[in-house]
Structures are given as structure tokens and as C-alpha cells.
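The values are calculated or read from the model by the stated rules, or taken from the named source; none is laboratory data. Values in this document were obtained by computation on a predicted structure and should not be read as measured data. Counting neighbours? That spans all protein chains shown, and the Cβs are built from the backbone with ideal geometry, glycine included. Keep in mind that these areas ignore ligands, DNA and RNA; they rest on the heavy atoms of the full protein, side chains included. Shrake-Rupley method; radii C 1.70, N 1.55, O 1.52, S 1.80 Å.
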Amino acid sequence: MLVSEISLWGAALVACVVIVASIALAFLDNQMLRRMLVVFGATVVQMAIVVAVVWLVYQTYAWWSYLLWFLLVLVLSICWCLYPLQAIWKKVLCPVSVAMLVGCIVVGGSTMLCLPLSVFLSVYSVLMACMTASMMQTMMSYQRNLQKPEALRESMSHQVRNLAQPLVMVIPMLYAGMLLGGVPALEALLVTLLLIAASFVGNILSGAIALQMLRSKKTE
């Protein structure tokens with residue numbers, strides 16, 4: 001959508017709704033409002049960085065700008081994986097970082113080999129979002145089952161189950177986008193299956209690496 005097509009009245013209405021909701025929340029739970037403002041501020045900063053890098057990529061189309069996007073998405077994914085584990089983030093920082101790095105190499109490399117670089121930004125980001133959501137659930141499951149002998153096995157089972165959730169919700173959107181972009185149905189289906197396979201391997205591999213590193217630390 002072009003900026004000129006955005007309704008100023010609609011934007012003003014959204015701003016009013018946000019202000020009214022914030023005032024109401026301040027009366028109900030002031031502490032929750034502060035938390036929401038912190039999360040909102042972090043999201044705005046993140047979006048500003050993402051927009052700047054995307055603009056840079058589309059202005060240069062250079063290998064280093066694609067590498068910058070690759071690293072930016074990796075760092076953001078690691079941060080979001082660690083966010084719900086703030087109490088033990090130092091313990092899981094290394095395993096999560098190594099696991100996400102290996103997973104993003106598999107996912108990003110597959111994306112670059114299967115698809116042209118012109119769609120690398122969007123497809124790679126979507127697949128990394130799926131992996132981030134799955135890794136977050138896996139780490140939280142591991143934390144809950146930490147005292148159980150079968151913690152690793154149980155968390156790995158959660159990894160497989162959690163993997164299907166983001167893929168089922170997101171991958172059909174990619175398929176629909178390809179159809180709307182004029183890609184033949186069978187070709188779009190083949191690309192979708194390739195992306196599902198790459199995402200599956202990346203997710204399972206990253207989860208196994210993180211859990212194995214955590215178990216190794218525990219036994220030391």
C-alpha cells in the first residue's frame with residue numbers, strides 16, 4: 001500500500017483507540033501498562049532496524065547486504081528465543097545461539113538454492129519465524145521438565161509437535177502468495193514442499209543441538 005492511500009481519518013481513529021485503551025489499562029493495571037509500553041518500544045526499535053536493513057538491501061543488491069539481513073534475522077531470532085527464559089538466559093545463551101545458527105544456515109541456504117534472491121528476504125524471514133516459535137516452545141518445555149530423567153526426550157517430542165503449528169499456519173500463506181504472484185499451481189506446490197522439508201530439517205536439527213548441549217552442560 002502506498003503512503004498516499006492510507007486514510008488519515010483511519011490512522012487518527014487507530015491512534016485514539018490506542019490512547020483510550022492505554023488509559024483504561026492504566027486504571028486497571030498500571031504495571032501491565034508499563035510492560036506493554038516496554039514491549040511496544042522494543043518492537044518499534046526492531047521494526048526501525050529491519051526497515052533500514054531492508055531498504056539497504058533493495059538499494060544495493062550486494063552480497064554483503066544479504067549477509068547483513070541474514071545476521072540480523074539470526075540475532076533477532078536468538079533474542080526472541082531467550083526472551084521467555086530471562087531467568088536462565090545465561091545458561092541457554094550458547095546452546096540456543098549455536099542451534100539457531102545451524103538451523104538458519106540450513107533454512108537460509110535452502111532458500112537461496114531453491115528460490116531467486118529477489119524473494120530471499122521474505123521467505124527466509126518467514127521460515128526463521130517458524131523456527132523461532134518452535135525453539136521457544138522447546139526451551140520452555142525443557143525448563144518445565146528439567147528435573148525429570150526423560151527431560152531431553154520429552155522436549156524433543158515437543159519440538160516435533162511444536163514444529164507443525166507454525167508450518168501449518170504460515171506455509172499455506174506462502175503458497176497463496178505464489179499463486180497470487182502468478183506462479184503455476186504445480187510449481188508453487190513443489191517450492192512449498194521444498195521449503196517445508198528445509199524448515200523441518202532446520203527445526204529438528206536446531207532443537208536436537210540445543211537440547212544436547214544443555215544435557216552436556218548438566219552432566220559436567
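Here are the numbers for this structure:
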| read-out | value |
| --- | --- |
| Surface share of carbon and sulfur [accessible, 1.4 angstrom probe, percent] for the chain | 75 |
| Kyte-Doolittle mean at least 1.0 and Cα axial length at least 27 Å: DSSP H helices in the chain | 8-28, 30-60, 63-82, 89-114, 185-219 |
| Alpha-carbon Rg with Dmax, taken over the chain, Å | 19.9, 61 |
| Förster-model FRET efficiency, 30 Å R0, D29 and L189, C-beta, rounded to 0.05 | 0.05 |
| Calculated FRET efficiency for the pair L67/V44, C-beta based, R₀ 45 Å, to 0.05 | 0.95 |
| Spin-label model distance (nm) - M140 vs L13, 7 Å beyond Cα toward Cβ | 3.4 |
| Region 81-139: C-alpha gyration tensor shape, a/c 1.5 cut-off, then a/b vs b/c | prolate |
| Residue-normalised accessible area of the chain, given per residue in Å² at a 1.4 Å probe | 61 |
